[in-house]
Amino acid sequence: MRQQEGGGAAGGGGAPTTAPVGGEVVIRFLDVGQGDAILVQSPEGKTLLIDGGRSAERMREHLKALDVSRLDLMVATHADADHIAGLVPAAALKPRVFINNGLGGSTQTWERLVAALQEAGATFTKASNQTVNLGSVKLRVVAPPPGLGDDQNENSVGIALQFGEFRALMTGDSETPATEGWLAQERDDLQGPFQVYKSIHHGAANGDSAAWLANVRPENVVISVGTPNSYGHPTRKVLDLYRQAGARVYRTDRQGTVTFRGRADGTYSAETER
Ligand SMILES: [Zn+2]
C-alpha cells in the first residue's frame, strides 16, 4: 500500500461558500480489470456505485471485502458489459435510485440488470443534469449532450462530485463529440480544477483531448484498465496529454484499487493497493 498527500491549492480559491463539513468522502476506483467501477462513500456512510466492471464475481468480492451492505444510489454511465455486468450482483444491495442515460442495452446482461433492479425496488431515473445529495456530498449528474444518437459510449453519463472544496469528475466512455458538446455548453460544473479525474474510456485515443483537459484541469488522473487488454488502452497519446497537463497518473492495472479520501477544505490523500 502506498500513500500520498495532496491538495489545498486546487479548490478554486476564495472562502468556502458553505458551512464547513467534517469527515471525508472516500472514492475507490476498484480494480475490476478492463472496465470501470467506482465506489463513493460520504462522511455519513451513504454509498454510490458508478459502474460495476465486467465481472459479477469480482464485484461480489469487492463488496464483501469492503463490507458494503447497502447502496443508496447506482449509476450506469452506459450499458456496455465492462460497465454493467458487476452492477447485477450489486443491485441486491437495494439502491433506492438507479440513474443511466435512458438508453436500454440490447444484451442479456442489461436485461439481468433491469430485472435485479426491479426486484430491489429501485427507481429508474434518466440523467438530466440533476443535483443529487449523497449525505453532505453534492453530485451533479452530467447528462450526455443532445444530438449524439443512440451510441452507448457517446451517451455516457458523468458525475461531478463536490464535497466542500474537494471535487472529482468521472465520466464513462465518452468520446470526443461528447466532450466537445459539453465544452460548447460552457458549464461551470465541468470547469476545473478537479483534484480527482477519471480518464475517459480507459485511456482510449478517442476520449480525452487537450482542449477537454485544459477545461477540467485534473490534478490526479485514474485510468481504470486491465492488463492485458486487446484495445491498447491506455494509449501513448493520452498518457502524453496527462503528462503535459501536469497530472499525477494512477492505473488500476499496475496499482490495483486506487482510493482517494477528500476533505471539505480541498485536501486529500491517495492510497493504492500495490
Ligand atoms: Zn468501457
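The values are calculated or read from the model by the stated rules, or taken from the named source; none is laboratory data. Only a predicted model underlies this, so the values are computations on that prediction, with no experimental measurement involved. Using ideal geometry, Cβ is built from the backbone for each residue, glycine included, and neighbour counts are taken over all protein chains shown. Ligands, DNA and RNA are excluded from the accessible area calculation, which covers all protein heavy atoms including side chains. Shrake-Rupley method; radii C 1.70, N 1.55, O 1.52, S 1.80 Å.
Think of each Lys and Arg Cβ as +1 and each Asp and Glu Cβ as -1; about the Cα centre, that makes the dipole of the stretch 185-274 roughly 300 debye. Measuring with a 1.4 angstrom probe and ignoring ligands and nucleic acids, residue 248 comes out at about 110 Å² accessible.
Nonpolar atom fraction for the stretch 57-100, defined as the carbon and sulfur part of the 1.4 Å probe accessible area, stands at 50 percent. Across all directions, the average flat footprint of the convex hull enclosing the Cα atoms of the chain is 13.0 nm².
Each of 148, 56, 4 was placed along the dipole of the chain (beta-carbon charges, centred on the mean Cα), and the one lying farthest toward the positive end is 4.
Pairwise Cα distances in the stretch 26-173 exceed 26 Å for 15 percent of all pairs. What is the stretch 167-274 by shape, rounded, prolate or oblate, if you read a ≥ b ≥ c off the alpha carbon gyration tensor as root eigenvalues and call it rounded for a/c under 1.5, prolate for a/b larger than b/c, and oblate otherwise? Because a/c hits 1.5 or more and a/b fails to exceed b/c, the stretch 167-274 counts as oblate.
On the protein heavy atoms, probe 1.4 angstrom, tell me the percent of accessible surface of the stretch 233-274 carried by carbon and sulfur.
Taking all protein chains in place, the stretch 233-274 shows 44 percent carbon and sulfur surface.
Note that the chain presents 41 Å² accessible area per residue, ligands and nucleic acids not counted, probe 1.4 Å. The relative contact order of the chain, computed from alpha carbon pairs under 8 Å that lie at least 6 residues apart in sequence, is 22 percent.
Placing unit charges on the Cβ atoms of the charged side chains and taking the dipole of the chain about its Cα centre, the candidate lying farthest along the positive direction among 176, 267, 192 is 267. Summing Cβ point charges (Lys, Arg +1; Asp, Glu -1) relative to the Cα centre of the chain gives a dipole of roughly 520 debye.
What number of lysine-lysine pairs in the stretch 46-171 show an alpha-carbon separation below 17 angstrom, given a sequence spacing of 8 or more or placement on distinct chains?
4
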